[in-house]
Structures are given as structure tokens and as C-alpha cells.
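Pasting in a structure now, in C-alpha cells, and then I'll have a few things to ask.
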């Protein structure tokens with residue numbers, strides 16, 4: 001069945017030890033196994049919250065579902081992955097009456 005959208009804006013989500021609190025996947029009724037959900041970011045949008053994790057690499061999985069302008073970071077104090085406003089994003093200022101002269105922009 002098709003689903004609508006899921007939006008997570010806030011809250012703390014903790015799972016049992018060894019289990020990720022945030023995980024987006026598809027499920028096959030034929031083989032009863034989890035499978036990759038290729039278009040999960042079209043249906044799931046996370047703009048805030050904190051999530052327990054079973055493995056450090058899960059931070060990338062959460063980042064894939066973050067809304068534009070937010071990012072997932074590991075809170076060393078709590079061990080939770082927190083979704084916060086991405087204040088490290090590049091900020092551009094327009095000078096010279098809006099004219100940009102030469103060069104190129106590179107995002108790293």
C-alpha cells in the first residue's frame with residue numbers, strides 16, 4: 001500500500017540496546033526481509049529530534065532523511081543522534097550590486 005508522508009519535528013526516540021530508533025526501509029512480504037527503501041527521503045522528513053542508535057554509521061541514514069537546512073550530529077553527552085539546524089552551511093553575500101566576478105564555487 002502507498003503511504004502518505006511522515007514528518008518528525010521534535011521528540012526523543014529511544015529503542016532497546018542494539019536497535020536503531022530511526023530506520024526507514026521497505027519490507028517484502030514474499031521473503032519477510034527488510035529491503036532498501038530507495039525513495040524514503042520523498043516520504044520521510046526529519047527536522048528535529050533525538051534518536052538512539054545501534055551503530056555510528058546510522059548517522060548517515062538519519063542525514064539522508066533530514067530536511068534541507070538540517071543535519072544529524074552525534075551528541076557525545078547522551079550518545080543520541082540529534083537533528084539540528086545546519087548552521088555550518090555556506091552563507092553567500094552579494095556585493096558589487098549583485099554582480100559576481102569570475103572564479104568558481106566549490107562545496108566541500
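Condition check ((1) under 14 Å from the mean Cα position of the chain (by Cα); (2) at pLDDT below 80; (3) surrounded by 10 or more Cβ atoms within 10 Å (Cβ to Cβ)) across all residues:
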{"position": "5", "(1), (2), (3)": "no, no, no"}
{"position": "17", "(1), (2), (3)": "no, no, no"}
{"position": "29", "(1), (2), (3)": "no, no, no"}
{"position": "32", "(1), (2), (3)": "no, no, no"}
{"position": "44", "(1), (2), (3)": "yes, no, yes"}
{"position": "90", "(1), (2), (3)": "no, yes, no"}
{"position": "98", "(1), (2), (3)": "no, yes, no"}
{"position": "102", "(1), (2), (3)": "no, yes, no"}
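Would you check which residues across segment 52-72 are under 15 Å from residue 12 (Cβ atoms) and out of contact with any helix residue (DSSP H, G or I) (no Cβ under 6 Å at 6 or more places or on another chain) and list them?
To start, the set of residues in segment 52-72 that are under 15 Å from residue 12 (Cβ atoms) comprises 52-53, 62, 72.
The answer is 52, 53, 62.
If you don't mind, there's one more thing I want to ask. Show the residue pairs that are 6+ apart or on different chains and have beta-carbon atoms under 9 Å apart, the first residue being within segment 58-70 and on the phi > 0 side of the Ramachandran plot, the second being assigned to a loop (DSSP other than H, G, I, E, B).
Here the result reads 69/47; 69/86; 69/89, each pair linking segment 58-70 to a residue that is assigned to a loop (DSSP other than H, G, I, E, B).
The values are calculated or read from the model by the stated rules, or taken from the named source; none is laboratory data. All values derive from a computational prediction rather than experimental measurement. Don't worry about glycine lacking a Cβ; one is built from the backbone with ideal geometry, like all the others, and counts go over all protein chains shown.
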